[in-house]
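Here the structure is laid out as structure tokens; the discussion comes afterwards.
The values are calculated or read from the model by the stated rules, or taken from the named source; none is laboratory data. Keep in mind that this is a model prediction, so the values were computed, not measured. Please note: Cβ atoms are built from the backbone with ideal geometry, for glycine as well, and neighbour counts cover all protein chains shown. Just the protein is used for accessible areas: all its heavy atoms, side chains included, with ligands, DNA and RNA removed. Shrake-Rupley method; radii C 1.70, N 1.55, O 1.52, S 1.80 Å.
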Amino acid sequence: MFGQAPQWVLADGVPIADALVLSHPEQCDRLRAACPEAAPTAVLAGDPCFDRALAARPYRERFRRALGVRTGQRLIVLNSTWNPASFFGDGGTGGDDLLPALLPRLAGEFPVDEYRFAAVLHPNIWHGHGPGQVRAWLDRARRRGLVLIDPLEGWRQALVAADAVVGDHGSVTFYAAALGTPVLLAAAPLHELDPGAPVSGFMRAAPRLDPSAPLREQIDRLVEHHRPLPGPAEYTTSVPGEAAVRLRSLFYSMMGAAEPEWAASLEPLPLPGHEPVSVTAPLHVLTRVPRPGEVSVSRWAGSPPPAECVGGDAHIAVHEDTRDVDWLELADVVFRDGRPDDPRFGSPAVWTAEVLHRHPGCALAAFTAGPSECLVRPRGGRLLSLSSAPEDPVDPAAAASALHALLGAGGGGDDARAERLVTLLDDGGFTVRSGARSVRVRVTGEPAG
């Protein structure tokens, strides 16, 4: 039993610790069975890590915004522990490594405006392979929008923010289930676990990922039909919210000192730095214009959309910083993000004019100036501002693609496009539909010149 066998807790037959902190009586029973000599040192003091996550749940939306998750998006956290049978390994199957094999499919099955993916990898993965190697392995996925979470400081916040976790037999997956988050097991090597351990019972009861089946359907079904399993929450700690009080009492008693008069408390989970969505892989954009002034948009990073999604009009949108530079000559929309006052770009007016001059096939250039605003220049037109409500914004790059679709809807030449733009300006903007969301985008500026 990892951590409780004699070789872990005894030295020359004597307990190495004066107090061995455990979070549940079940662990005390297991210690008594595995190493009776160390049983007198057991202290039931809860789980401060879990208590901090519980206390952070009221701030879930802040953590989601910090990770760049927009209203209506589902945040899927991919979690792996560190041994060969893990999600990052072969899952105990002896075949290909699971997570690296699944990552390309995420781009092909999940539209970027409806799903956000983050990866929490065990610190030993980073230490064993080196940060440079891990980032190199995941580089293509990162360019398609995957964010890598700090394995020491950011994983609890990611679990609080997550809509679902795809993981394995590691403790982070168990914590996710204890928080009530839907969990799908990509790897569950039962042969590596004690059959009597709570994590083993969880592995047997939790739903499994089928790598051969469509992934999006499995994720959606998991979230929509989720029923929390009682085991993880029950066995993570028997005294939720009490770890600070119990631990401080233990520490001061061991020092033989009186406790302070003020209440014991834990440091709140810090709000992580903002992780803006940065998709630099070419975007395949599908649009439909069911009526004037309204457009539905779905965007797919680095891969064409699934066959069942094809329909309407299609165009290519490419970030100026893409490493797939040949795609810039094929792009209908070229966009980038930055500060409008950044002197390196001159200004959004200068940058958009340069882009249209440099890429003759580009129909619209878009400079994203914030989470809810971009400045765009259609070919042959003046600079326009697109903005949505800051409290419920649409991705400005998606709004730029929507405008491109609206200007081209119905065909015709430059005069027809100019007339459509005048109508949009007169109407004050247009509506963008993405998944189940519907967001109004305001348009301001001059239509010609």
Practice prompt. Could you check how many residues of the stretch 364-388 are more than 31 Å from the chain's Cα centre (by Cα) and in a loop (DSSP other than H, G, I, E, B)?
Written response: 5
Worksheet entry | Members of the stretch 307-351 that are of a type in the set (S, T, N, Q) and touching a residue at least 24 places away in the same chain (Cβ under 8 Å) | THR322
Item to complete: Scan the stretch 189-214 and report the pairs whose first residue is over 20 Å from SER23 (Cβ atoms) and open to solvent by less than 20 Å² (accessible area, probe 1.4 Å) and whose second residue is assigned to a helix (DSSP H, G or I) and hydroxyl-bearing (Ser, Thr, Tyr), with Cβ atoms within less than 9 Å and a gap of 6+ or a chain change.
Response: ALA206/THR173
Discussion item. The conditions are (1) open to solvent by less than 40 Å² (accessible area, probe 1.4 Å); (2) over 21 Å from TRP300 (Cβ atoms); (3) at pLDDT below 95, and SER434 fails exactly one of them. Which is it?
Written reply: (2)
Worksheet item: Looking at the stretch 58-76, which of its residues are β-branched (Val, Ile, Thr) and in contact with a Phe, Trp or Tyr (Cβ under 8 Å, 6 or more places away or on another chain)?
Response: ILE76
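Quick check on ARG64: is it assigned to a helix (DSSP H, G or I) and either hydroxyl-bearing (Ser, Thr, Tyr) or under 22 Å from THR173 (Cα atoms) (or both)?
Working: assigned to a helix (DSSP H, G or I): yes; either hydroxyl-bearing (Ser, Thr, Tyr) or under 22 Å from THR173 (Cα atoms) (or both): yes.
Judged against the criteria, ARG64 is a match.
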Discussion item. Which condition from (1) among the aliphatic types (A, V, I, L, M); (2) within 19 Å of the chain's Cα centre (by Cα); (3) more than 20 Å from ASP97 (Cα to Cα); (4) open to solvent by 10 Å² or more (accessible area, probe 1.4 Å) is the one that ALA176 breaks?
Written reply: (4)
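It is to be established whether one or more residues within the stretch 390-399 are among the small types (Gly, Ala, Ser), within 26 Å of the chain's Cα centre (by Cα) and over 25 Å from ARG144 (Cβ atoms). Reasoning before the result, please.
In the first step, residues of the stretch 390-399 are kept if they are among the small types (Gly, Ala, Ser); the result is 397-399.
Next cut, within 26 Å of the chain's Cα centre (by Cα) only: 397-399.
So of that shortlist, the ones also over 25 Å from ARG144 (Cβ atoms) come out as none.
No, the stretch 390-399 contains no residue that is among the small types (Gly, Ala, Ser), within 26 Å of the chain's Cα centre (by Cα) and over 25 Å from ARG144 (Cβ atoms).
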Worksheet item: If you go through the stretch 244-260 one residue at a time, do you hit one that is of a type in the set (Asp, Glu) and in contact (Cβ under 8 Å) with a residue 60 or more places away in the chain?
Response: no
Practice prompt. Pairs only if they're at least six apart or on different chains, beta carbon under 7 angstrom, first in the stretch 382-406 and surrounded by 24 or more Cβ atoms within 10 Å (Cβ to Cβ), second modelled with pLDDT of 95 or more and part of a helix (DSSP H, G or I); list them, first residue then second.
Written response: LEU386/PRO396; LEU386/ALA399; LEU386/ALA400; LEU386/LEU403
Discussion item. All but one of (1) modelled with pLDDT under 95; (2) open to solvent by 20 Å² or more (accessible area, probe 1.4 Å); (3) in a loop (DSSP other than H, G, I, E, B) hold for GLY89; state the number of the condition that does not hold.
Written reply: (2)
Item to complete: Please enumerate the residues belonging to the stretch 1-31 that are more than 23 Å from ALA233 (Cα to Cα) and of a type outside the set (Val, Ile, Thr).
Response: ALA5, PRO6, GLN7, TRP8, LEU10, ALA11, ASP12, GLY13, PRO15, ALA17, ASP18, ALA19
Practice prompt. Go through the residues of the stretch 27-37 one by one and say whether even a single one is at pLDDT 95 or above and small (Gly, Ala, Ser).
Written response: no
Worksheet item: Given the conditions (1) closer than 23 Å to GLN73 by Cα; (2) among the charged types (D, E, K, R); (3) out of contact with any helix residue (DSSP H, G or I) (no Cβ under 9 Å at 6 or more places or on another chain), which single one is not true for ARG336?
Response: (3)
Worksheet item: Restricting attention to the stretch 41-61, and to residues there that are in contact (Cβ under 8 Å) with a residue 24 or more places away in the chain and not in a helix (DSSP H, G or I), which single residue is nearest to the chain's Cα centre (by Cα)?
Response: ASP47
